[in-house]
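Okay, so here's the structure we're looking at.
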Amino acid sequence: MSAGEGQTAVKDKDSRKKNRPKRKEHKVLLCSGGRYESHANAQVRATIMEGLEDCFGKGNVVSVHVTAAASAIHTLQPALVFAMGSYLPESTYFGEVSRAAKKVGAVTTFWATEDPYEQDAHYQIANDFDVIFSCDRWGHNFYQRDRVFHLPLGACPKQHYVPLDRQADKTIDVLFCGVAFSSRKEVVRNLMPVLQQLNIRIIGPGWGEMGVGFSDARIEKQQLIELYSRSRLVLNLGRSLHFENKRFMISPSTPGPRTFEAAAAGAFQVFHEETYELRRYYEADEIPVFSNRDDFEQIVNRYLRDDDLRFEMARKAQERTMKEHLYGNRILQAVNYLMDEGLL
């Protein structure tokens, strides 16, 4: 890291400290780990715990699996129980957690990190927690109760941040990693006249059948970050796997965690969207967007061979992520909500 980068990191850290609420020495219990919890959510648990420790002090935050939470609440007598994850039926014990928390007078919060894909099952937690945080801006309107706030997912500096390297060898023109959901396949098929002219790597379960440049492989996070560094353009495609979302068929609005993770890793992303929701988080000179093949072809023509422009845009997106879109930022927002509501 250069001296300039070090100064920026210090300034960002100081800024977060300045905005941090006055620390209260509360005991906090963090619980998650339901059956359907995604791999990504499981990985960020330690980072969320660090964010809570920043607000409440080291030694005051304990993280447990949801199956052990009720017992831990009885033993620790926390002032705040912060639950998170999936709330699908038969997969969690969050009702038991809430009842145990109420017995000791704890404030209860739930961060729904799989919205809106499970929205039909939100009765599992809708009336059990004092405050609900939803990771989806549009989905949070469907809880039909008060004290529901939008809280996006984010990035973890320890897991996702990689210093940008201007000299990195870019051997891949277009990269996408992720499961081949039907909506993603539809987008990629539409882009094929452009993609066929490029060196592409489309990787993830379900892609192999589509030919050269496609693979069914599953890759680890470190492999993915290494692929980012070798890629000129990284496609960002939303998913459409709706476990329990048939009543209202809520379309996801907020960018998923991969957006923030890839930006922290220094990837130059090309974001597919039709709602312009991304502009709540990143500017046009940080992450370009497309909604059809013509848009995508224009992006390829403009950015593919302009290494300096891509580097500058990726740098801006990374800086914004490290300043505004880390899990530490999200926890700070959550704690501020609780304080504004008079719960802490």
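Where helices (runs of 4 or more DSSP H) sit wholly within the stretch 14-76, those with at least 3 residues that are modelled with pLDDT of 65 or more occupy 45-56, 66-76. With respect to the stated conditions, Val212 fails to be out of contact with any Phe, Trp or Tyr (no Cβ under 7 Å at 6 or more places or on another chain), at pLDDT 85 or above and under 19 Å from Tyr327 (Cα atoms).
Looking across the stretch 113-130, the residues that are surrounded by 20 or more Cβ atoms within 10 Å (Cβ to Cβ) and modelled with pLDDT of 85 or more come down to Asp128, Phe129. The set of residues in the stretch 161-214 being surrounded by fewer than 20 Cβ atoms within 10 Å (Cβ to Cβ), assigned to a loop (DSSP other than H, G, I, E, B) and of a type in the set (A, V, I, L, M) consists of Val162, Leu164, Ala168, Val179, Leu198, Val212.
Of the residues that sit in the stretch 284-323 and are crowded, with 17+ Cβ neighbours inside 10 Å and free of Cβ contacts under 8 Å to residues at least 60 places away in the same chain, which one is farthest from Glu186 (Cα to Cα)? The selected residue is Arg320.
The values are calculated or read from the model by the stated rules, or taken from the named source; none is laboratory data. No experiment lies behind these values; they were computed from the predicted model shown. For neighbour counting, all protein chains shown are included, and Cβ atoms are generated from backbone atoms with ideal geometry for every residue, glycine included.
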